[in-house]
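The values are calculated or read from the model by the stated rules, or taken from the named source; none is laboratory data. Because the structure is predicted, anything quoted here is derived from the model rather than measured. Here the Cβ positions follow ideal geometry from the backbone for every residue, glycine too, while neighbour counts run over all protein chains shown.
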């Protein structure tokens, strides 16, 4: 492991939901790692520990791989600046704990704001009748990108786009609300992993 979320005694005094939020974070540097932090991948400077500013989770130490077999170009890329670039985007909190927000390839940039597809998915998963959700980016002339939500319902459920949109209005910032909702079975691999690249293609075919 590169990090561990060590529970602190004072967390026991928190509400169940607040304690769950604390424990959901990836945490701090694992003992055998020499470094673990969240940095701007362009400047290689640590992001502010404000729980809001996005950066890439990076680590280094003698338990990190030496590189990719017979692929020096990818090795140089992933170890740029002397840190292993995970490809995970996240934030750093004032207590030093880090939390993954999304994969860099899945982040949605709308009007200059970063939108975590995972955050939007987590909200939609809580709506009754929703079985599976995937949120992807769609190119937009005005905003650059906008979120599109692909929703797979439970067999006995009936949910409308209007219901989901009203729910998202109450639980997400306006710019994070999906612009479109698509209902149906999600594209998956043979092992059940959702294929977001296929959903991006579907979104483009439907709305561009």
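Filtered by the rule that a residue be in a loop (DSSP other than H, G, I, E, B), in contact with a helix residue (DSSP H, G or I) (Cβ under 9 Å, 6 or more places away or on another chain) and farther than 30 Å from residue 61 by Cα, region 1-18 gives a lone residue, 14.
Listed here are the residues, each with its yes/no results for (1) farther than 23 Å from residue 150 by Cβ; (2) surrounded by 13 or more Cβ atoms within 10 Å (Cβ to Cβ); (3) in contact with a helix residue (DSSP H, G or I) (Cβ under 8 Å, 6 or more places away or on another chain).
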position	(1), (2), (3)
30	yes, yes, no
36	yes, yes, no
43	yes, no, no
61	yes, yes, no
73	yes, no, no
115	no, yes, yes
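Can you tell me which residue among 170, 156 is modelled with pLDDT under 95, farther than 20 Å from residue 196 by Cβ and out of contact with any strand residue (DSSP E or B) (no Cβ under 9 Å at 6 or more places or on another chain)?
Going through 170, 156 in turn, the sole match is 156.
Taking the numbered list (1) over 30 Å from residue 160 (Cα atoms); (2) touching a helix residue (DSSP H, G or I) at 6+ places or on another chain (Cβ under 8 Å) in turn, residue 119 passes all entries but (1).
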